[in-house]
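Heads up: the structure comes next, in structure tokens.
Derivation of every value follows stated rules applied to the coordinates shown; laboratory data play no part. Quantities reported herein were computed from a predicted structural model and do not represent experimental measurements. All Cβ positions, glycine included, derive from the backbone under ideal geometry; neighbour counts span all protein chains shown.
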Amino acid sequence: PPAVRTSITSRYEMVYRSTTAREEAALGAASAREADTALHPLQDASLGSLTVYVVPETSSLLPQGVSVYVGKHRSALVRAGGGLAARPAPLGSSVVAARPASALTGCGSLAGYEITFSLLNPDPKSHAVDWDIEDAVNRYVQPILDKLSLVANFSVDSQILYYAVLGVTPRFDKESSSFLLSTHSLPHVINPVEARLGSSAASLHPVLNFLLYVPEHSHSPLYIQDKDGAPVSTNAFHSPRWGGIMIYNVEAPASPQVSLPLHVDVDMVRVMEVFLAQLRLLFGLSREELPPEFLLESPGNEGLADWELDRLLWAHTMENIATVSTTLTSLAQLLDKIGNIVIKDDVASEVYRAVASAQSAMAELATGHLHSAFQASKEAVTSSERAFFDPSLLHLLYFPDDQKFAIYIPLYLPMSVPILLSLAKIVRETRQRKKEPTKMD
Amino acid sequence: MARSAATTAPALQKRDFKQALQGLARPRGLRCVTKRLARLRAGAPARGPPGEHDGRRTQRRTGRRPHLPRPEAAARRPHMRGGHSPPPFPAAAEAGTLRRRRGKMAAAVPAVGCVRAAAALLLGCCGAALASGVQDQAEQFFRSGHTNNWAVLVCTSRFWFNYRHVANTLSVYRSVKRLGIPDSHIVLMLADDMACNPRNPKPATVFSHKNMELNVYGDDVEVDYRGYEVTVENFLRVLTGRIPPSTPRSKRLLSDDRSNILIYMTGHGGNGFLKFQDSEEITNVELADAFEQMWQKRRYNELLFIIDTCQGASMYERFYSPNIMALASSQVGEDSLSHQPDLAIGVHLMDRYTFYVLEFLEEIHPASQTNMNDLFQVCPKSLCVSTPGHRTDLFQRDPQNVLITDFFGSVRKVEITTETISLDRDLAGFESKLPKDELATEPLKYAEQFPVAQIIHQKPKQKDWHPPGGFILGLWALIIMVFFKTYGIKHMKHIF
């Protein structure tokens, strides 16, 4: 988080031009979505830019009542007429520049993340659960992680845990004949499970856990209740910087005589829809409230719209630069305070590199090159962290001068008193002898 | 005239807001409310929307993350809609300048105010927070903003007769684990091993109550720093994060800016220092500096420091970083006493302060709403003989609003997931754009665990001989010279 005095000024550069013939052809498509897909290869959209097409008021491209449509890639369609001047500014800022709620920004965001998918089966006697996680990860999760690979490195694991129970007993609700977990008992669900997840052994990187819980036969079906008492449609909840949990209910068998264990094939698409939404929320990419005339295209299988990626990069770059400045300032303050600290050469070179990278990041940001600015800021943060957390900078190892006095004076002062007095005696005697050289009888 | 009205307008009370809210037909934004309020109080039109005062007062009180919407911020930045809080400090500066300018141009204010209010009405009014939304945000403001919990529990004394310090630390460890903090988030440092000490008549146990009622050692204690690894240097390295890269993850404090950390220290202490391992000390200045280093790097959101030693209050005297709350078992000049000896084990089992803290914590369960004020009352002088102290001036929230489980437990913030992405089931998997490099997987094998051949044939390393340093030489030369000068050089021939 930036220090008190930083302020951020954003500047938008707007370029106006008329559409090319091919863009006109693309805009003649039937619906906004098709127009968007047709326009995508025609743009030379670089990271951080947004192309806004103004369509005539009577165009049928945008549905009724919608005047702004934001696509999956970096383009938007705006209906002309009616206070056009006011539109680009809100569009630009709300779509491009607004800072996403920084749920996952922090010094751990540099190195990488470890994403773990866990299937919790507390009742293997009743349910034999199968999930095709590898295929689901390749089809649905990998695309969004590939897009986010600019921001951080990711590694994905999965595991199945048996006999892992939730820490909370759900209540039975007679009206819906189902079990309910209330909102205020949700925070206590995570802790008993976490010890068994093995997340600490995985790596030094922060771990994001996505848990799929298949309730026991005696506690099926299990729903999460929101504040108003209605069951939540996704049956899932998440915790910032930790991950998410989804409860997957197995339908009760038609006939009670069916032999247990029931074989359950998890519907990975339903599960991944929720998990990917939680992943986006954990990264701060939530859909904020826009006025009803705006229509945002859902990113679909790609998971992440290009302009959302831009937003994330902007936010990360700014945060990185702010972090670098605070780190280096506090390092300088530490060095001022302890006068005789020894700075090793590699610490010094890291500091120089951090400063140079931060300056280049600012320069790139000023000209609008988002990608190189982000890379430079990432390098700057890595260098500054390495310099700050160098093990040799422990202030304990460097004695201040007053401590040296405090230790040696009580030891040597009493001892040196007779020595100094004797020295004085010697000097006096030598002088006396010199004064009477001829005392000879 | 307008200026005098401005200076005599009384400050607004909460009840005025309530009145204004009750009179509205439908919920409106804060800007509408405050404008209506201004109209209600017909004597103070020139001051402008009064809500700015309250917004700014709240802003200053927290200094960090204000959650109440700021009407003037919404007015000045019409494009930033929808629940994003703008960067707080520039807004506060703007609010300040706004007010100052208003004070100067008192005559022009009514016109300006009307125009500004109209603009604000248009932009920020009906889309902004509802009355209940303001309530929610106010509630959120008083709750801690942490997302994870860490605990650093340190016992600094060794030897069998300091059994009680290990028992103290283990009982806090046990409470903290029971209330939900996982082992991966606890750094436990025990300077000596009591459970497997040869003098322990009941091996593998550490008791905290007389008659061996409660074994705090339990079945799954995970000690991170044990024995001689508990040094001042290691402790400071854990706190500041300057650890060598080879340190395993369980020995690191991987906290971030949203972590609440509990630090518990026990042992023998004095006025301004705490003794480690009978051979070194950590001073209160070093501890305060370490906390400041943590704050500079935002390694904690809030910190609770508990110390159970003699003259413990001296250790928290020098703290100067924000968001630290400290508790100590005794004041400067007082000794912390131990609780009760067990005749079968032969040593004192617990210290009084921690004994009563443990009793207090046994009543707490993960969902309890007990707050810090109760913890401050835990061991009165009648029970503890020493006077426990606490320090909350560096802490931003009121201790009344701080839950015990904010530090001792791990109650996570959860949100219900309401949105989903729609995925196309039939779409074939994307070809990954990144090249997957196929590493040749070579069979991995363990390194030689015990290289016997190397050890047997190892020659002892020759340590280079260094001549004694100048200071020692000079000192001896001085002493010898003075001796012989004083007593006469004739003694020399008897020596050599």
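Numerical summary
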| item | result |
| --- | --- |
| Footprinting exposure proxy for B:M372, A:M362 (fewest neighbouring C-beta atoms within 10 Å first) | A:M362, B:M372 |
| Reach of B:K202 by Cα under 18 Å, taken over aspartates and glutamates that are not fewer than 8 positions away in the same chain | B:D192, B:D193, B:E213, B:D219, B:D220, B:D342 |
| Efficiency of FRET from Cβ geometry, A:D336 and B:Q454, R₀ 45 Å, rounded to 0.05 | 0.45 |
| Lysine-lysine proximity count for chain A, Cα under 18 Å, sequence distance 8 or more or distinct chains | 5 |
| Residue-count net charge about A:I419 - beta-carbon cut-off 14 Å; Lys, Arg +1, Asp, Glu -1 | +2 |
| Separation of the B:K485 and B:N401 label points, Cα + 7 Å toward Cβ, nm | 7.4 nm |
| Compactness relative to 2.2 N^0.38 Å, alpha carbon Rg of chain A | 1.50 |
| Rel. contact order, % - alpha carbon contacts under 8 angstrom, at least six apart, the range A:131-264 | 20 percent |
| Computed over chain A: relative contact order in percent, which uses C-alpha pairs under 8 Å that are six or more apart | 18 percent |
| Spacing of the two label points (7 Å from each Cα toward its C-beta) at A:S46 and B:T418, in nm | 4.0 nm |
| Ascending count of other beta-carbon atoms within 10 Å, so fewest first, for A:E13, B:E334 | A:E13, B:E334 |
| Environment charge at B:L153 (Cβ cut-off 13 Å; Lys +1, Arg +1, Asp -1, Glu -1) | -1 |
| Fluctuation leader among A:Q225, A:Q403, A:Q278 - chain A, Gaussian network, Cα springs under 10 angstrom | A:Q403 |
| Shielding by other protein chains, A:422-432, mean Cβ within 10 Å | 2 |
| Options A:A354, A:S325, A:L393, ranked by Cα towards positive dipole end of the range A:306-395, top entry (Cβ charges) | A:L393 |
| Overall Cα dimensions of the range B:149-298 - principal axes, largest extent first, Å | 47, 34, 28 |
| Peptide-level mean, for B:181-189, of C-beta atoms on other protein chains within 10 Å | 3 |
| Sites A:D345 and B:S246, calculated FRET efficiency, Cβ-Cβ separation with R0 22 Å, nearest 0.05 | 0.55 |
| Chain A, helix-only ellipticity at 222 nm - DSSP H runs n ≥ 4, -39,500 (n - 2.57), divided by all residues, nearest 500 | -12500 deg cm²/dmol |
| Cβ-based net charge around A:L197, under 13 Å, with every Lys or Arg adding one and every Asp or Glu removing one | -3 |
| Efficiency of FRET from Cβ geometry, A:L150 and A:S392, R₀ 41 Å, rounded to 0.05 | 0.75 |
| Per-peptide average of other Cβ atoms within 10 Å, ordering B:416-424, A:311-319, A:297-305 highest first | A:311-319, A:297-305, B:416-424 |
| Fraction of beta bridges assigned by DSSP in the range A:141-295 that are antiparallel (%, nearest 5) | 50 percent |
| 25 °C / 0.890 mPa s Stokes-Einstein diffusion coefficient of the range A:112-283, Kirkwood radius on C-alpha pairs, µm²/s | 146 µm²/s |
| Nearest-20 debye value, chain A charge dipole, Cβ charges on Lys, Arg, Asp, Glu | 2480 debye |
| Mean separation of Cα contacts under 8 Å, 6 or more apart, over the residue count of the range A:306-395: relative contact order % | 42 percent |
| Within 10 Å of each Cβ in B:405-415, the average number of Cβ atoms from other chains | 5 |
| Low-density loop positions, trypsin sites (Lys or Arg not before Pro), the range A:331-404 - DSSP coil, at most 16 other Cβ in 10 Å | A:K344 |
| Kirkwood-based shape ratio for the range A:297-441, expressed as Rg/Rh from alpha carbons | 1.52 |
